[in-house]
Amino acid sequence: MNVDLFFNYLVIGLTVGAQYAIVAIGFNIIYNTTGIINFAQGDFLILGAMVAISMSSILPIGIAIGVGVLVAAVYGAVVENVFIRRNRSFSPFRSVCIGIIAALLLKTLGIFSFLPEGIDFAAAFLFGLPVGFGLETVFRKYMKEQTVLSLIVLTIAVSILTREIMSHLWDKDAHVLPYFIGDSNTILSLGSISFSPQRIWVLGICALLVIGLYVFFKYTRYGKAMRACSLDHTAAKLCGINVRLMITISFIVSAAIAALAGSVISPLSQTKYDMGSVLAIKGFSVAILGGLGNSFAAVAGGLILGILEAFSVSIFPNAYKDVVAILLLLLILVFKPSGVFGSRQASQLKEF
Amino acid sequence: MNIRQYLPAAVFLGALVAVQLVISLTGAAFYFTQITMSFYYTIVVIGLCLLMGYAGQISLGHAGFFSIGAYMQAMLTTHDFSSIIHSSWDEVFKNVSQIFGTVEWYELIPEKIGAILGIPVKLFVGLGDIFGMFVPGTDGFGNGILSYAPSAALFISLLTAIGIACLIGLPVLRLKGHYLAMATLGFGIIISTIVFGTKLFGEADGISRVPAFHLVGPLSINGGMADRTVNYYIAGIILFIVLIVSMHIVASRVGRALRAIHGNEQAAGSLGINAMRYKLGVFVLSALFAAIAGVFLVHYNGSIGTSETSVLKSVRYVSIVAAGGMDSIWGVVAMSMGLNFVSLRGYFGSFDEIFFALILVVTMLFLPRGLFRKEYLEVVIKKTRRLTRRMVLKRKLEKKGIVFANKKKDDEK
Amino acid sequence: MSDAVILEAQGLNKHFGGLHAVRDVWFSVQKGKIKSIIGPNGAGKTTLFNLLSGAIPADSGRVMFKGELISSKKPYAIAALGMARTYQTTRLFEHMTVLENIMAGRHIKTKAGFIASALRLPWTLREESDCKKKSRELLTFFSLGEFIDETAQNLAFGIKRKVECARACALEPDILLLDEPAAGLNIYETKELSQLICRIRDLGITILLVEHDMSMVMDISDEILVLNEGAVLAEGLPREIQKNPDVIRVYLGEDEC
């Protein structure tokens, strides 16, 4: 392998790795405030990118991405409010959401197909919403029984729900966002190495994101409050921190950064409705590589995995590309679950 | 230990016969296909139920074990091994390289390593030949091929599944919670990727033309019209055996140890229960069940496609177990038969996966202990009883002339 | 080492980060006796228990049980050798009935494995009914007969404590490690517990007890070990311990002395 090719692979690896790093940071943010791994993290990224792609046909690209980020952030908040929050008081918001889901289910099952178009939808909602309120009223008390196992399963279900809804809202094809500058043929040359200027965008924006998050967690009121939550929920509560709000914010932030990263990289690696789960597992590998909860190590981990993957393509067949990341994950899990940069003793104190 | 334990099993057998009679009499024999397939999928779900519900260990990779069984069986019974059997040692390498599929990959293996890889394959196949494991058949183009007899392939497939389950389970079962979930998910994706990228397993096309599996006499597992009823019973009986085995395990010392591990692993350890051993045992058992289902289903369907290996399938099995009530085998069986049948009938169309995700969401959110539980029935009975009692009381009072005025209306007046 | 010594700790050490939780602890337990470990909060009593039962590995030092080195063994292997324990916060199998909890405690006394259970071989049935019978007897011994089919999570706190104790006894251990069995019990329950512990001792089971309730400790112990800041402060008969100036200082503060 000559030097030029080496640097080309390196640049490719870095851009892909930056994406993984952002997903991993999203995992970490949510893990730190709630102690759960959000399997739907990868789908947040795809959702944001998909919205941005659709919007880009009618809006300038910057605003389109903004809309994508916004939608993903709102979606993150909804997911947290509806599925993750474990309050036992009656939540009208959750009831309505569950009701809408029930209505859609009734509609898809074709129970009201004998009614004319339009009216069947209304009928579905008429029956669905009471179902939502009924479930909320009757079975709310069982929510406290949720264990780690059920929360894992819940986020997986949310992930699948998200991707399948995306496949229906859009389609099952791969989409791309237009390049920010020029098109796929525009090439930036640096000596003998040449690459698309989009890669600079990806690296730049991801770097900005990481710096921004650092500032957010280190210096702002909310950032500090969220860090307090990650150390001890009860203590944070006693200090007057609204833990519940912090959890919602953590979902919003991690969904928003994922959406931004997804939009920036979309011109290079395309966006398809079902890419979320593989992204999630790779992001998780990266988070583990750096030690769960440690966002800066996650950046290093992401870049390492990206580069490893880029080079693996030159050795292994392309079809086995994903295997590299997952084997890495399995190896770390088996031999050093606390992560390469993590401390063993600290990880023993964690719940799982 | 008493006879009452077998009551559900007897009900199951009764239902098996009753459903067959009803379907045959109404002439709706096309239902048999989906019911038979549901039987096989239920076997996977029962294994997962033992693992998740009883031992409390999550697995998001059971589609992987199902695929190992199905793909191994399909490959062994359709691949032409005659070239390996008859070839000289030099040629073995060429055949072995096919396992790795793509051409680039084949060229990457230095010839010596290829030859070394070829030795065990040649030995294994040669040994199989000595024991008469091969039967002649034809491929898609009518050429004569020599492949494993289904019964021989059955053993190899199941042993492979057991071996891989041990290999994966030993390191992975030390993990807990999210780590275990991710590790098993990763395993599932690896299996799916390997199947997709390997020529031997048909890459994206899967494997078709899997021959019938002749059991004894006229009994054979195949998807033919004529054998529909017979296959319905074969699948039902296999499921029945799996059920009885699971039921026995659950109600035994082993089942107790598993539930103890689920309850509190440390406390179980302090009682002398070797948690790792039992977790591995139940993991391998559930993998074996999944592989059994795969092996038989592939003969019944005659083909296998890559969709069977996807993560979505693994999640579907998990959602059925969750909805069925995690630690109630019969609830899980009922749920699995119902959902699989409805899904296989194509009732949900392209909303299939959404439906299973929704079931998972609703059960996990509101009924983490499953849809079928005795407690819920008791609650409902209690509430209705209270309600009826109140109504009766009210009527009695009304008869005596005491009327409850509606307070709000009075205020408005 | 005399024959009467059943459990012996030899120079145990354990660090948690910068905290030296257990430092160079030497002691031995005589067969058939009740030995208590006392000490102020954070003295390392529970850590010492965890080291003895193999729940956490010691940094250095050895544990000898019935003349066998057990400090490198896994908890389940140590339990199989005849050491049972309870926990400070009860760790019952919450979703199982009391009887099932006890039967799970008889795990090492039974031996049906996966294959034998799956096939329900006749001997496993005999073993199972035998196990059930013995468990019932044990519950009667602990006067828990009325709770036999109750699910563990529905039990009152004091009953849970007793069930956990019974579960540990189901192993038919040579030594029983009780971690603060009287914590959270009222005065009557504590009295009942003391009697129960003595009855267990009379069955020939050696008992090692960690407890805060001084009157109970002084009442039933044959020997007492006092820990302070991870190290052994004093060891001896209850009477001696009561008079030991070091112990009094640790318990009542410097000024009193």
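Here is how the numbers come out for the structure above:
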item: Which numbered condition A:Ser295 fails, given (1) closer than 25 Å to A:Leu231 by Cβ; (2) surrounded by fewer than 18 Cβ atoms within 10 Å (Cβ to Cβ); result: (2)
item: Residues satisfying the stated conditions in the stretch C:172-188, i.e. within 19 Å of C:Arg91 (Cα to Cα) and in contact with a Gly (Cβ under 6 Å, 6 or more places away or on another chain); result: C:Pro173, C:Leu185
item: Filter result (touching a Ser or Thr at 6+ places or on another chain (Cβ under 9 Å) and not β-branched (Val, Ile, Thr)) within the stretch A:203-226; result: A:Leu203, A:Cys206, A:Leu213, A:Tyr214, A:Phe217, A:Met226
item: Qualifying positions in the stretch C:24-42 - among the aliphatic types (A, V, I, L, M) and more than 14 Å from C:Leu12 (Cα to Cα); result: C:Val29, C:Ile34, C:Ile37, C:Ile38
item: Residue selected from the stretch C:85-96 under the condition surrounded by fewer than 20 Cβ atoms within 10 Å (Cβ to Cβ) and touching a residue at least 40 places away in the same chain (Cβ under 8 Å), by the criterion nearest to the other protein chains (Cβ to nearest Cβ); result: C:Arg91
item: Where B:Asp327 falls short, out of the listed (1) assigned to a helix (DSSP H, G or I); (2) touching a helix residue (DSSP H, G or I) at 6+ places or on another chain (Cβ under 7 Å); (3) farther than 24 Å from B:Ala149 by Cα; result: (1)
item: From the options B:Ile221, B:Ile207, B:Ile194, B:Ile145, residue that is within 12 Å of another protein chain (Cβ to nearest Cβ) and either without any contact (Cβ under 8 Å) to a residue 12 or more places away in the chain or in contact with a strand residue (DSSP E or B) (Cβ under 7 Å, 6 or more places away or on another chain) (or both); result: B:Ile194
item: Test: B:Arg316 is assigned to a loop (DSSP other than H, G, I, E, B), within 25 Å of A:Ala40 (Cα to Cα) and within 13 Å of chain A (Cβ to nearest Cβ); result: no
item: Flag for C:Glu164 being in a helix (DSSP H, G or I), away from chain B (no Cβ under 14 Å), out of contact with any Gly (no Cβ under 9 Å at 6 or more places or on another chain) and not polar (S, T, N, Q); result: no
item: Of all residues in the stretch A:12-46 being in contact with a helix residue (DSSP H, G or I) (Cβ under 7 Å, 6 or more places away or on another chain) and surrounded by fewer than 23 Cβ atoms within 10 Å (Cβ to Cβ), the one that is farthest from A:Phe296 (Cα to Cα); result: A:Ile12
item: All positions within the stretch A:86-141 that are buried (at least 17 other Cβ atoms within 10 Å of the Cβ), β-branched (Val, Ile, Thr) and more than 25 Å from A:Ile36 (Cβ to Cβ); result: A:Thr108, A:Val131
item: Cβ pairs under 6 Å, 6+ apart, first in the stretch C:221-232 and closer than 11 Å to C:Gly42 by Cα, second outside any strand (DSSP E or B); result: C:Leu227/C:Gly39; C:Leu227/C:Ala43; C:Leu227/C:Gly44; C:Leu227/C:Lys45; C:Asn228/C:Gly39; C:Asn228/C:Ala43; C:Asn228/C:Val250; C:Gly230/C:Gly44
item: Considering residues of the stretch C:97-136 that are touching a residue at least 60 places away in the same chain (Cβ under 8 Å) and β-branched (Val, Ile, Thr) only, the residue nearest to the other protein chains (Cβ to nearest Cβ); result: C:Ile108
item: Every residue from the stretch B:172-191 that is more than 7 Å from chain A (Cβ to nearest Cβ) and part of a loop (DSSP other than H, G, I, E, B); result: B:Leu173, B:Arg174
item: One residue from B:Val321, B:Val315, B:Val342, B:Val295 being free of Cβ contacts under 8 Å to residues at least 24 places away in the same chain, assigned by TED's automatic domain parsing to the domain that holds B:Phe12 and among the β-branched types (Val, Ile, Thr); result: B:Val342
item: C:Cys165 in contact with a Lys or Arg (Cβ under 7 Å, 6 or more places away or on another chain), surrounded by 15 or more Cβ atoms within 10 Å (Cβ to Cβ) and either at pLDDT below 90 or closer than 21 Å to C:His95 by Cβ (or both); result: no
item: Selection count where residues are in contact (Cβ under 8 Å) with a residue 40 or more places away in the chain and surrounded by 20 or more Cβ atoms within 10 Å (Cβ to Cβ), scope the stretch B:244-259; result: 7
item: Matching helices (runs of 4 or more DSSP H) fully within the stretch B:19-103 where at least 1 residues are in the same structural domain as B:Phe240 (by TED's automatic domain parsing), modelled with pLDDT of 80 or more and not acidic (Asp, Glu); result: B:31-49, B:62-78
item: Yes/no for C:Met64 being aliphatic (A, V, I, L, M), in contact (Cβ under 8 Å) with a residue 60 or more places away in the chain and surrounded by fewer than 19 Cβ atoms within 10 Å (Cβ to Cβ); result: yes
item: Considering residues of the stretch B:50-67 that are more than 11 Å from every other protein chain (Cβ to nearest Cβ) and out of contact with any Ser or Thr (no Cβ under 6 Å at 6 or more places or on another chain) only, the residue farthest from B:Ala212 (Cα to Cα); result: B:Ala55
item: Selected residue (criterion: surrounded by the most Cβ atoms within 10 Å (Cβ to Cβ)) from residues of the stretch C:33-49 that are farther than 15 Å from C:Val226 by Cβ and in contact with a helix residue (DSSP H, G or I) (Cβ under 9 Å, 6 or more places away or on another chain); result: C:Ile34
item: Selection status of A:Ile22, of a type in the set (A, V, I, L, M, F, W, C) and assigned to a loop (DSSP other than H, G, I, E, B); result: no
item: Helices (runs of 4 or more DSSP H) (entirely within the stretch A:142-247) containing at least 2 residues that are more than 30 Å from B:Val362 (Cα to Cα); result: A:197-219, A:221-231, A:233-238
item: Test: residue in the stretch B:257-273 that is within 18 Å of the chain's Cα centre (by Cα) and at the interface with another protein chain (Cβ under 10 Å from one of its Cβ atoms); result: no
item: Within the stretch A:26-121, helices (runs of 4 or more DSSP H) holding 3 or more residues that are within 13 Å of another protein chain (Cβ to nearest Cβ); result: A:41-56, A:92-108
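One line per residue, one yes/no per condition, for (1) of a type in the set (D, E, K, R); (2) more than 8 Å from every other protein chain (Cβ to nearest Cβ):
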| residue | (1), (2) |
| --- | --- |
| A:Leu126 | no, yes |
| A:Gly134 | no, yes |
| A:Val148 | no, no |
| A:Ile156 | no, no |
| A:Glu164 | yes, no |
| A:Lys172 | yes, yes |
| A:Ser184 | no, yes |
| A:Ile193 | no, yes |
| A:Pro197 | no, yes |
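The values are calculated or read from the model by the stated rules, or taken from the named source; none is laboratory data. Since we're looking at a predicted model, the values are computed, not measured. Counting neighbours? That spans all protein chains shown, and the Cβs are built from the backbone with ideal geometry, glycine included.
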